[in-house]
Amino acid sequence: MYSNEEFLLELLTEAGYVTPQNLQQVKASRKGQETTLETLLKTGVVSDEQLAQLVSSNSGMEFVDLHGFAGNAMLKTLIPAEVALRYKIAPLGMSGGTLQIVVADPYDFETLDALPHALQPDLEFFCSTPTLIRELQANVYGNEAVMGSAMSKMPGSDGASTEGDAPIIKLVSNMLMEAFKNRASDIHIEPLEKDIRVRFRMDGVLHDVEHHPKRLHSAIISRIKIQSGTMSIDEKRIPQDGRIQMKFNEKELDMRVSIIPTQNGESVVMRVLDKSSLRLGLSDMGFFSDDHECFEKLISLPDGIVLVTGPTGSGKTTTLYACLNFINRPDRKIITVEDPVEYELPGINQVMVREDVGMTFAAALRAMLRQAPNIIMLGEIRELETASIAINASLTGHMVFSTLHTNDAPSAVARLSDIGVKPFLIASAVRGILAQRLVRKLCPDCKEPYTMNPKELRQLGLDVGQLQGASVMGPKGCNRCRSSGYKGRMVIAEIFKIDDEVRTMINQQLTTPQLRKRARELGMRTLREDGVRKVLAGITTAEEIIESTMSDSE
């Protein structure tokens with residue numbers, strides 16, 4: 001029961017609970033393989049609680065009185081019954097992201113060292129009596145569960161393991177690690193009518209990866225909520241948000257967690273935040289050299305607004321971070337306003353929007369201007385107040401970066417006008433607009449020559465003569481790309497530079513088609529045209545470009 005009996009007997013003697021004579025008598029009267037300490041406890045010379053209190057005061061581990069403590073059955077998903085019984089422990093509660101555990105023997109260092117590996121890294125230990133711990137185990141796991149786990153370890157048991165016995169901790173941990181290894185951007189855990197479906201979004205496409213029995217749903221969701229540290233296990237009626245941070249192969253794994261109630265139970269989406277994207281340069285994102293040079297000139301201007309547009313999931317935030325990395329220097333002060341702050345950028349002041357306390361985009365922007373920044377990044381321009389402050393900032397010597405949700409670059413002018421910005425302010429403040437999409441890149445290890453069919457040629461505006469000297473390739477599939485034929489994603493871009501002629505057109509309130517036509521005449525390459533260049537270079541496929549630029553009039 002206790003790991004160091006001789007040491008404990010010395011403590012009992014020094015504390016006056018027993019005398020040397022008592023010990024001699026007990027040693028003489030003990031039966032069978034019963035130890036001296038067990039006999040002392042059995043005969044009542046020393047009580048369980050006296051010994052536990054003494055051990056607590058000498059070990060420095062806090063004693064908890066478990067009398068009348070019912071425990072929390074939800075916590076059994078964090079410590080499987082077989083682990084609790086094997087190590088003589090029970091879950092007490094959670095404090096932040098730390099799991100609190102009660103143990104019987106604070107001097108069993110082998111157990112204390114093993115538990116963080118068997119459960120989770122952040123543990124806090126308390127001690128109590130073995131009897132009270134057994135009662136807490138029964139409360140948490142139920143008498144039948146405790147008896148069933150004990151029976152499975154008895155001689156003669158077939159030892160067969162079931163899915164219900166498998167530690168939920170390991171199941172969830174393996175799921176997260178697999179997502180990270182496969183460079184998934186999202187993990188979707190969806191309760192269906194009869195089972196649980198797990199899908200990973202890889203290179204922008206959702207893939208089924210595994211299914212689990214429906215009976216494991218509650219345990220999986222509870223484990224994820226506990227790991228997030230901010231969600232309520234008992235609350236299942238409203239959406240909840242949180243964050244999970246852990247390490248894998250010395251790399252930090254950071255995930256944003258969203259849980260919503262559905263007809264079949266709570267559905268989870270975990271967005272994997274890949275910090276390696278913070279180190280991306282513009283050339284790493286897929287810009288060809290001419291677009292790269294053009295865009296670098298835009299973001300290097302001393303003032304004005306540069307907008308990045310595109311639908312959700314088109315990589316706008318990553319592009320903005322790449323811009324900040326490019327222009328970040330010790331002599332410049334950069335402040336961002338984000339909702340939420342997803343990545344921490346070294347050397348940059350980042351502010352998170354908190355609308356519940358009045359910290360809106362507009363309020364944060366007004367406050368940050370008093371901090372005398374050179375460069376400002378707004379996560380998104382959503383309404384007139386934010387747009388007006390951003391434009392005023394750009395006209396008073398600040399460089400402002402932000403995003404809009406529009407399908408192409410010229411449409412951003414109409415979008416600003418729709419939310420109430422005067423045309424002359426748009427013309428004066430905006431320096432350039434980048435529209436972008438993300439398309440899958442062909443796997444370099446298995447791509448193979450491909451001949452486009454007439455429909456693809458027609459949709460891309462190509463003829464056979466333009467294919468001379470091109471390196472059109474198609475997907476094949478291999479182990480390195482999970483047989484998909486694709487590996488990674490890249491940007492296709494449309495850069496709309498606002499020059500004096502375009503400013504005059506904006507002031508004249510020309511329509512978006514008119515702006516777009518003139519921009520084309522001035523040399524703007526559309527999203528589809530940039531995509532075609534990358535198809536002819538053998539980097540991506542006609543199918544990817546056609547699907548991602550369906551709204552392109554060309």
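The values are calculated or read from the model by the stated rules, or taken from the named source; none is laboratory data. A quick note: this is a predicted structure, and the numbers were derived from the prediction, not measured. No Cβ is skipped: glycine too gets one built from the backbone with ideal geometry, and neighbour counts run over all protein chains shown. What goes into the accessible areas is simple: the full protein's heavy atoms, side chains included, and nothing from ligands, DNA or RNA. Shrake-Rupley method; radii C 1.70, N 1.55, O 1.52, S 1.80 Å.
Values computed for the structure shown
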quantity: Region 354-376: number of residues that are assigned to a loop (DSSP other than H, G, I, E, B) and either among the β-branched types (V, I, T) or in contact with a Lys or Arg (Cβ under 9 Å, 6 or more places away or on another chain) (or both); calculated: 5
quantity: Residue check for S402: in a strand (DSSP E or B), within 19 Å of P302 (Cα to Cα) and in contact with a Gly (Cβ under 8 Å, 6 or more places away or on another chain); calculated: yes
quantity: Hits in region 460-486 - residues which are open to solvent by less than 80 Å² (accessible area, probe 1.4 Å), in contact (Cβ under 8 Å) with a residue 40 or more places away in the chain, of a type outside the set (S, T, Y) and farther than 25 Å from L206 by Cβ; calculated: L460, G461, L462, L467, A470, V472
quantity: From E385, E342, residue being surrounded by 15 or more Cβ atoms within 10 Å (Cβ to Cβ), in contact with a helix residue (DSSP H, G or I) (Cβ under 8 Å, 6 or more places away or on another chain) and modelled with pLDDT under 90; calculated: E342
quantity: Options R516, R525; residue that is in contact (Cβ under 8 Å) with a residue 60 or more places away in the chain, of a type outside the set (S, T, N, Q), buried (at least 20 other Cβ atoms within 10 Å of the Cβ) and in a helix (DSSP H, G or I); calculated: R516
quantity: Test: residue in region 86-104 that is open to solvent by 40 Å² or more (accessible area, probe 1.4 Å), in contact (Cβ under 8 Å) with a residue 24 or more places away in the chain, assigned to a strand (DSSP E or B) and closer than 17 Å to N58 by Cα; calculated: no
quantity: Qualifying residues in region 301-315 (those that are touching a strand residue (DSSP E or B) at 6+ places or on another chain (Cβ under 9 Å) and of a type in the set (S, T, N, Q)) - the one surrounded by the fewest Cβ atoms within 10 Å (Cβ to Cβ); calculated: S314
quantity: Residue list for region 146-170, restricted to those being buried (at least 17 other Cβ atoms within 10 Å of the Cβ) and either under 11 Å from A81 (Cβ atoms) or at pLDDT 85 or above (or both); calculated: V146, S149, S152, P167
quantity: Residue selected from region 251-270 under the condition open to solvent by less than 50 Å² (accessible area, probe 1.4 Å) and of a type in the set (S, T, N, Q), by the criterion farthest from V341 (Cα to Cα); calculated: S267
quantity: Complete set of residues in region 479-498 that are closer than 17 Å to S411 by Cα and either assigned to a loop (DSSP other than H, G, I, E, B) or among the acidic types (D, E) (or both); calculated: E494, I498
quantity: Candidate set from region 14-51 (those that are among the polar types (S, T, N, Q) and in contact (Cβ under 8 Å) with a residue 24 or more places away in the chain); member that is surrounded by the most Cβ atoms within 10 Å (Cβ to Cβ); calculated: T36
quantity: Qualifying position, being of a type in the set (G, A, S) and in contact with a Pro (Cβ under 8 Å, 6 or more places away or on another chain), among A90, A104, A138; calculated: A104
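Every residue, every condition in (1) charged (D, E, K, R); (2) within 21 Å of L112 (Cβ to Cβ), yes or no:
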| residue | (1), (2) |
| --- | --- |
| Y17 | no, no |
| V26 | no, no |
| E34 | yes, no |
| T39 | no, no |
| S47 | no, no |
| A52 | no, yes |
| S57 | no, yes |
| E62 | yes, yes |
